[in-house]
Amino acid sequence: MSNIVERTDGRGILAGDYLNQNRELSRQDWLEDCFPEWGTLLNQEIENFPLEKGKVAIWWLGGPSWILKTDEGGVFFIDVYSGPSHYTQYYYCGVCKQAGAETINWMRMNPQLIDPWKFSKLDGAFSTHKHQDHCDLYTVKAAMQTTDTKFIGPPTTVEKLKSFDVPDDRIITAVIGESIKVPGAEVEFLMNYDETVVKTGAGTGRDTYENCAVSFLFKTSAGNIMFLGDTWYHDGYKAVGDNYDIDVAIFDMGCNAPGATDKMTPYDCARLGETLKAKVLIPDHYDNWANTASDPDLLVSQFERIVSENTPEIKTCILKPGARFVFPDDQNKKRYRYPNQSEGYDATKSVTYGEQARKYGKKN
């Protein structure tokens with residue numbers, strides 16, 4: 001008979017034996033038991049995942065959020081969002097201004113997969129721009145209080161970080177054309193043509209791209225991984241593609257209602273990948289906001305078809321929230337599938353196996 005196994009890997013509460021589960025509960029108990037939905041499983045996976053020299057790993061947390069780990073053990077947040085559904089208003093929101101909407105609801109669809117308060121090590125928190133889902137209070141406060149990490153972003157994001165009481169000596173301003181060294185990588189600060197964020201802020205004026213947004217190119221021993229946040233397609237990316245080697249490009253995709261362009265269409269995503277001369281394309285953000293999701297499967301299928309028919313030399317990879325992607329190992333996977341955990345199965349201990357063995361005996 002199997003014993004009850006004591007688990008310490010952060011995978012949530014023990015389920016199944018309801019006779020031993022009754023207890024007094026408060027709303028706070030419910031929140032702490034149920035959120036994040038994956039407990040600290042992904043935290044521990046990231047922290048303990050070994051990488052051989054010449055490999056780099058990224059985890060998609062859903063939405064615009066990523067974690068990257070280098071073969072020197074460096075762990076980095078990129079646009080990590082730990083917040084809830086929210087709403088925006090015309091006086092500040094770039095999308096509201098584009099659409100002429102007094103307010104827009106942003107209903108979150110993807111689960112919260114990490115506990116931002118429970119990373120024992122963090123070597124950098126990067127934000128491509130200041131929008132709430134790329135630079136949010138919850139992630140910043142958690143990283144600031146539990147690690148000694150630096151926070152990196154363009155000038156307007158730096159202003160926001162300072163308003164969150166991040167000390168000046170923990171902030172690095174990402175200036176286009178400059179770079180920084182981090183454990184296992186050099187990070188280049190490249191142009192980002194996010195047409196929405198330049199309209200974001202009080203007033204009706206338009207800021208500059210350089211002041212509001214940045215693309216991060218992580219140059220690792222395995223290859224160069226580029227995070228483009230919420231960019232729109234722009235012909236200026238031709239210069240980036242001509243001057244930098246990009247192995248993996250990660251960018252936003254979604255469905256836009258008429259008069260409210262926010263995310264790139266599948267066609268724009270494919271065109272951007274060709275312009276950047278990237279080898280592997282990974283879209284994000286199409287999964288998490290209800291108002292730009294429409295039918296995510298349709299978006300993904302259109303994107304894959306456009307790339308395969310027009311630029312068959314470029315690979316696409318469609319991940320799922322919580323997916324781990326190791327480069328270069330996983331560049332041919334196309335679509336991620338969650339592990340079925342069958343490596344932990346033992347047929348000789350199954351109830352069906354036992355019944356068969358008793359009924360028919362053992363073959364000679």
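The values are calculated or read from the model by the stated rules, or taken from the named source; none is laboratory data. Just so it is clear, the structure is predicted and the values come from calculations on it, not from any experiment. Cβ sites come from the backbone with ideal geometry, for glycine too, and all protein chains shown count toward neighbours.
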Which numbered condition trips up Glu37, out of (1) assigned to a helix (DSSP H, G or I); (2) under 30 Å from Ile225 (Cα atoms)? (1)
Restrict the check to segment 211-226 and report whether at least one residue is without any contact (Cβ under 8 Å) to a residue 12 or more places away in the chain and out of contact with any Asp or Glu (no Cβ under 9 Å at 6 or more places or on another chain). no
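Let's see how each residue does on (1) charged (D, E, K, R); (2) closer than 23 Å to Gly236 by Cβ; (3) in contact with a His (Cβ under 9 Å, 6 or more places away or on another chain):
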| residue | (1), (2), (3) |
| --- | --- |
| Asp268 | yes, yes, no |
| Leu272 | no, yes, yes |
| Ala278 | no, yes, no |
| Ala290 | no, no, no |
| Ile306 | no, yes, no |
| Lys320 | yes, no, no |
Could you figure out which of (1) closer than 18 Å to Ile314 by Cβ; (2) in contact with a Gly (Cβ under 7 Å, 6 or more places away or on another chain) isn't true of Val240? (2)
Taking segment 39-65 on its own, how many of its residues are in contact with an Asp or Glu (Cβ under 7 Å, 6 or more places away or on another chain) and either free of Cβ contacts under 8 Å to residues at least 24 places away in the same chain or hydroxyl-bearing (Ser, Thr, Tyr) (or both)? 3
In this structure, does Gln89 turn out to be at pLDDT 95 or above, closer than 30 Å to Ile104 by Cα and touching a helix residue (DSSP H, G or I) at 6+ places or on another chain (Cβ under 8 Å)? yes
Take Pro36 and decide whether it is out of contact with any strand residue (DSSP E or B) (no Cβ under 9 Å at 6 or more places or on another chain) and free of Cβ contacts under 8 Å to residues at least 60 places away in the same chain. no
For segment 139-245, which strands (runs of 3 or more DSSP E) that fit wholly inside it have 2 or more residues that are surrounded by fewer than 20 Cβ atoms within 10 Å (Cβ to Cβ) and in contact with a helix residue (DSSP H, G or I) (Cβ under 9 Å, 6 or more places away or on another chain)? 171-173
